[in-house]
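Have a look at the structure below before the remarks.
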Amino acid sequence: MKTFENYFDEFKAKLKIDSDYKAAQELGVTRQQITKIRNGGSLGKEKCMRIANVLKIDPLEIIATTEVSKEKNPELKAMWIR
């Protein structure tokens with residue numbers, strides 16, 4: 001399963017953005033939020049939708065990935081993976 005970081009890197013490549021700083025500006029977030037992504041974090045659902053639109057994929061794919069990374073309950077985690 002992809003990580004949120006994978007989707008973020010695809011987003012940057014699709015827009016031909018060469019730095020996390022420029023990608024942060026494109027998404028309207030801080031560079032510190034991008035650092036959190038690089039350390040296993042994610043962004044809110046609105047930003048997930050923006051990335052999904054650029055990648056032309058279902059936003060729920062990215063949202064589910066973010067939920068998997070946060071979920072502690074094994075049953076709920078398995079649901080998000082499906």
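Filtering the stretch 24-82 to residues that are part of a helix (DSSP H, G or I) and hydroxyl-bearing (Ser, Thr, Tyr) leaves THR35, THR65, THR66, SER69. For the stretch 52-71, a tally of residues being of a type in the set (Lys, Arg) and at pLDDT 85 or above returns 1. The single condition among (1) in contact (Cβ under 8 Å) with a residue 40 or more places away in the chain; (2) in a helix (DSSP H, G or I) that LYS2 does not meet is (2). In the set GLU71, GLU75, only one residue is among the acidic types (Asp, Glu) and open to solvent by less than 60 Å² (accessible area, probe 1.4 Å); that residue is GLU71.
Within the stretch 5-29, the set of residues being of a type outside the set (Ser, Thr, Tyr), without any contact (Cβ under 8 Å) to a residue 24 or more places away in the chain and more than 15 Å from GLY41 (Cβ to Cβ) comprises LYS12, ALA13, LYS16, ILE17, ASP18, LYS22, GLN25, GLU26, GLY28. Would you check which residues across the stretch 11-22 are in a helix (DSSP H, G or I) and over 12 Å from the mean Cα position of the chain (by Cα) and list them? Across the stretch 11-22, the qualifying residues are ALA13, LYS14, ASP20, TYR21, LYS22. Entry remark, the stretch 1-58: residues being loosely packed, with under 15 Cβ neighbours inside 10 Å, aliphatic (A, V, I, L, M) and more than 20 Å from ILE81 (Cα to Cα) number 2 in total.
The values are calculated or read from the model by the stated rules, or taken from the named source; none is laboratory data. Since this is a predicted model, take the numbers as computed values, not measurements. Reconstructed Cβ throughout: ideal geometry from the backbone, glycine too, with neighbour counts over all protein chains shown. Accessible surface is based on the protein model in full, side chains and every heavy atom, while ligands, DNA and RNA are left aside. Shrake-Rupley method; radii C 1.70, N 1.55, O 1.52, S 1.80 Å.
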